[in-house]
Amino acid sequence: SWVVKSVNVFTPSFIMEAGYAYSYGAIISRLDGKISSSKSTITTPLPFTVTLGRIPATTRTNGPSNVTGFGPYDDFNRNHNVFANLSKQFRRHTIKFGFSYNHYQKTENAGGNNAATFNFNANGAVTAGLTGTALADARFQQEWANFLVGDVNTFTQASLDLTPDIQTNQLETYVQDSWKVHPNLTLDFGLRHSLFRQPHDNNKLLTTFDPAAYDPARAPVVSTTTGLITSASGTYDPLNGVIIAGAANAKYGTKVAKEDNLNFAPRLGFSWDPFGKGKTAIRGGYGIAYDSGLVGILEQNIFANPPFTQSVSISNTRLENAVAAAPTLSANPTVLRATSPDMKIPYAQSWSVDVQQEVAARTIVAFGYYGNKGTHLIGIADINQPLPGRLVINNGVPAVCAVAVAPCTTVASPHINAVRPYLGYGPINSILSQFT
């Protein structure tokens with residue numbers, strides 16, 4: 001980081017401080033060793049091109065170890081800040097005003113499963129009559145044998161390693177007056193305006209789920225016994241309610257939430273020496289401060305949501321030819337990550353009053369009351385939970401389990417998917433600004 005600042009004294013009572021600051025931080029990781037190369041050298045046919053330069057991971061359900069990796073991974077953070085503060089003294093008033101402008105950029109890749117994963121398990125193991133260590137040994141031996149001959153239980157791969165380029169702009173302006181009403185009484189009052197723009201992605205990858213954009217007429221049919229999507233009508237939309245920034249019909253243009261422009265933050269305060277002897281001070285104040293939102297939560301949407309990346313799953317295939325078998329089409333409702341399109345800017349109110357009294361030489365006694373309250377604080381919640389009364393539960397288990405469906409054993413049963421408000425989706429974990 002570095003800063004350039006100029007202090008200009010126009011007159012003894014008029015001073016300006018102005019400058020520019022730049023800060024940069026990064027996490028840069030590169031793979032080293034036998035599991036990586038400058039580019040992928042794997043000759044095994046894969047559904048998608050590997051761009052991460054490392055070999056696929058291998059996992060074993062019952063084995064003692066896995067071969068896994070992560071990266072290459074880069075996380076860049078850059079901030080440009082231009083600021084100016086002016087101070088003018090006029091009789092009993094000291095007026096301060098100025099601005100601070102920040103341009104922030106965050107670029108980070110997912111570093112996930114684009115390199116692919118081969119899973120091996122103990123399918124085919126002879127376990128009749130075995131228990132304990134003998135059972136575990138039999139499963140391990142069969143699993144290891146499957147690995148050696150290349151019998152793959154499940155193959156998965158992500159189509160792309162996405163790299164967002166998220167940027168945002170913030171402008172704050174303020175004015176403050178410190179008024180010396182009397183030699184023993186000073187009043188301070190001011191106003192700050194915080195204009196925090198919604199982030200945008202230069203690569204146009206931003207997505208979220210907007211409940212207002214969801215159309216029940218475009219929902220699929222979800223089984224009440226398995227929780228899976230059983231059929232899709234001609235109007236079914238797999239992106240029902242998902243908004244994509246920068247698309248032709250984008251509700252918020254290049255962003256995924258509306259702008260909040262009325263963030264005014266007043267400040268009031270006083271300092272009073274009631275006896276005018278310099279031994280007693282009574283101070284109090286009230287103020288509001290706004291906080292800019294997180295950028296990383298939008299990246300989580302990009303990495304998790306359709307449509308920019310797809311994941312393929314292939315069962316019972318071969319290590320030397322992952323595409324030897326046909327892909328498995330998942331009927332599971334999609335799990336989404338979201339940020340509320342109605343996001344508010346979090347703010348805190350702070351207030352205080354305190355008394356200081358000199359009781360002896362070099363001894364001061366002080367007591368006071370201090371408080372603060374946060375509003376529109378952010379948190380996460382599943383907005384696709386069944387509404388009260390929609391899921392009938394007996395003894396902690398969905399009542400539909402009375403039909404003795406094998407997978408239905410806990411409250412987390414897939415049967416919940418059939419009574420969620422937004423059919424076609426599983427949990428929709430959304431960041432909300434509704435907490436206090």
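The values are calculated or read from the model by the stated rules, or taken from the named source; none is laboratory data. Keep in mind it's a predicted model, so treat the numbers as computed, not measured. Note that each Cβ is placed from the backbone with ideal geometry, even for glycine, and that neighbours are counted across all protein chains shown. With ligands, DNA and RNA removed, areas are computed over all heavy atoms of the protein, side chains included. Shrake-Rupley method; radii C 1.70, N 1.55, O 1.52, S 1.80 Å.
Could you check region 120-162 and list, in sequence order, the residues that are open to solvent by 30 Å² or more (accessible area, probe 1.4 Å), assigned to a strand (DSSP E or B) and not β-branched (Val, Ile, Thr)?
Asp151, Asn153
Among the residues of region 290-303, is any out of contact with any Lys or Arg (no Cβ under 7 Å at 6 or more places or on another chain), closer than 30 Å to Leu187 by Cβ and at pLDDT 90 or above?
yes
Does Phe70 fit the bill of being under 33 Å from the mean Cα position of the chain (by Cα), open to solvent by 40 Å² or more (accessible area, probe 1.4 Å), at pLDDT below 95 and at negative phi?
Working: under 33 Å from the mean Cα position of the chain (by Cα): yes; open to solvent by 40 Å² or more (accessible area, probe 1.4 Å): yes; at pLDDT below 95: yes; at negative phi: yes.
Yes.
Is it the case that region 347-369 has a residue that's surrounded by fewer than 14 Cβ atoms within 10 Å (Cβ to Cβ) and within 30 Å of Asp210 (Cα to Cα)?
No.
Please go through region 381-435 and give me each residue that is modelled with pLDDT of 90 or more, open to solvent by less than 20 Å² (accessible area, probe 1.4 Å) and in a loop (DSSP other than H, G, I, E, B), ordered by number.
Asn384, Gly424
Considering every residue within region 317-326, establish whether at least one is over 21 Å from the mean Cα position of the chain (by Cα), of a type in the set (S, T, N, Q) and open to solvent by less than 40 Å² (accessible area, probe 1.4 Å).
Initially, region 317-326 is screened for residues over 21 Å from the mean Cα position of the chain (by Cα), giving 317-326.
Now restrict to residues that are of a type in the set (S, T, N, Q): 317, 321.
If we keep only those that are open to solvent by less than 40 Å² (accessible area, probe 1.4 Å) as well, we get 317.
Yes, there is a match, as at least one residue in region 317-326 is over 21 Å from the mean Cα position of the chain (by Cα), of a type in the set (S, T, N, Q) and open to solvent by less than 40 Å² (accessible area, probe 1.4 Å).
How many residues does region 171-193 contain that are open to solvent by 40 Å² or more (accessible area, probe 1.4 Å) and either of a type in the set (S, T, N, Q) or touching a helix residue (DSSP H, G or I) at 6+ places or on another chain (Cβ under 7 Å) (or both)?
2
Of everything in region 278-298 that's in a loop (DSSP other than H, G, I, E, B) and touching an Asp or Glu at 6+ places or on another chain (Cβ under 9 Å), which residue is most open to solvent (accessible area, probe 1.4 Å)? Quick ask: steps written out before the conclusion?
In the first step, residues of region 278-298 are kept if they are in a loop (DSSP other than H, G, I, E, B); the result is 278-279, 291-295.
From what's left, touching an Asp or Glu at 6+ places or on another chain (Cβ under 9 Å): 278-279.
On the way: Gly278: 63, Lys279: 108 Å².
Filtering region 278-298 for residues that are in a loop (DSSP other than H, G, I, E, B) and touching an Asp or Glu at 6+ places or on another chain (Cβ under 9 Å), the one most open to solvent (accessible area, probe 1.4 Å) comes out as Lys279.
Can you spot a residue in region 302-318 that is in a helix (DSSP H, G or I) and closer than 16 Å to Ala257 by Cα?
From region 302-318, those in a helix (DSSP H, G or I) are 302-304; that's our starting set.
Filter again for closer than 16 Å to Ala257 by Cα, leaving 302.
Yes, because at least one residue in region 302-318 is in a helix (DSSP H, G or I) and closer than 16 Å to Ala257 by Cα.
Give the residue that is nearest to the chain's Cα centre (by Cα), with candidates limited to residues of region 226-253 that are touching a residue at least 12 places away in the same chain (Cβ under 8 Å) and loosely packed, with under 12 Cβ neighbours inside 10 Å.
Step by step, filter region 226-253, then rank; the result is Thr235.
Could you list, in sequence order, all residues of region 95-145 that are closer than 30 Å to Val181 by Cα and not β-branched (Val, Ile, Thr)? Spell out the reasoning first.
Going residue by residue through region 95-145, those that are closer than 30 Å to Val181 by Cα are 95-100.
Across region 95-145, the qualifying residues are Lys96, Phe97, Gly98, Phe99, Ser100.
Quickly run through region 255-278 and pick out the residues that are closer than 28 Å to Glu299 by Cβ and among the small types (Gly, Ala, Ser). Explain how you work it out, then say what you get.
To start, the set of residues in region 255-278 that are closer than 28 Å to Glu299 by Cβ comprises 255-263.
Ala257 - this is the single residue of region 255-278 that is closer than 28 Å to Glu299 by Cβ and among the small types (Gly, Ala, Ser).
Please find, within region 259-277, the residue that is least open to solvent (accessible area, probe 1.4 Å) out of those that are assigned to a loop (DSSP other than H, G, I, E, B), under 30 Å from Leu191 (Cβ atoms) and touching a residue at least 40 places away in the same chain (Cβ under 8 Å). Walk me through how you get there before you give the answer.
Going residue by residue through region 259-277, those that are assigned to a loop (DSSP other than H, G, I, E, B) are 259-263, 273-277.
Within this subset, residues satisfying the condition of being under 30 Å from Leu191 (Cβ atoms) are 259-263, 273-274.
Adding the requirement that they be touching a residue at least 40 places away in the same chain (Cβ under 8 Å) leaves 259-261, 263, 273-274.
Values: Glu259: 60, Asp260: 39, Asn261: 72, Asn263: 5, Asp273: 26, Pro274: 40 Å².
Per the criteria, the residue is Asn263.
Picking from Asp161, Asp75, Asp137, which residue would you name as being of a type in the set (Asp, Glu) and within 30 Å of Leu195 (Cβ to Cβ)?
Values: Asp161 fails: within 30 Å of Leu195 (Cβ to Cβ); Asp137 fails: within 30 Å of Leu195 (Cβ to Cβ).
Unique residue meeting the criteria: Asp75.
Taking the condition open to solvent by less than 20 Å² (accessible area, probe 1.4 Å) and either aromatic (Phe, Trp, Tyr) or more than 23 Å from Ile380 (Cα to Cα) (or both), does Pro216 pass? Reasoning before the result, please.
On the way: open to solvent by less than 20 Å² (accessible area, probe 1.4 Å): no; either aromatic (Phe, Trp, Tyr) or more than 23 Å from Ile380 (Cα to Cα) (or both): yes.
The answer is no for Pro216.
Which pairs have Cβ atoms under 8 Å, sit 6 or more apart or on different chains, and link a residue in region 120-147 that is acidic (Asp, Glu) to one that is open to solvent by 60 Å² or more (accessible area, probe 1.4 Å)?
Pairs that qualify, where the first residue is acidic (Asp, Glu) and the partner is open to solvent by 60 Å² or more (accessible area, probe 1.4 Å), are Glu143/Thr61; Glu143/Asn62.
Tally up the residues in region 194-213 that are assigned to a loop (DSSP other than H, G, I, E, B) and surrounded by fewer than 21 Cβ atoms within 10 Å (Cβ to Cβ), please. Steps first, please.
Restricting attention to region 194-213, the residues satisfying the condition of being assigned to a loop (DSSP other than H, G, I, E, B) are 197-199, 202-206, 210.
Next, from what is left, pick out any that are surrounded by fewer than 21 Cβ atoms within 10 Å (Cβ to Cβ): 197, 202-204, 210.
Looking only at that region, the number is 5.
Enumerate the pairs (first residue in region 350-361 and more than 22 Å from Thr375 (Cα to Cα); second residue anywhere and open to solvent by 70 Å² or more (accessible area, probe 1.4 Å) and not in a strand (DSSP E or B)) with beta-carbon separation below 6 Å, excluding pairs fewer than 6 apart on the same chain, so at least 6 apart or on different chains.
Partner pairs satisfying both residue conditions: Glu358/Lys279.
Matching residues to (1) among the hydrophobic types (A, V, I, L, M, F, W, C); (2) modelled with pLDDT of 90 or more:
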{"site": "Leu336", "(1), (2)": "yes, yes"}
{"site": "Thr339", "(1), (2)": "no, yes"}
{"site": "Pro346", "(1), (2)": "no, yes"}
{"site": "Ser352", "(1), (2)": "no, yes"}
{"site": "Gln356", "(1), (2)": "no, yes"}
{"site": "Ala360", "(1), (2)": "yes, no"}
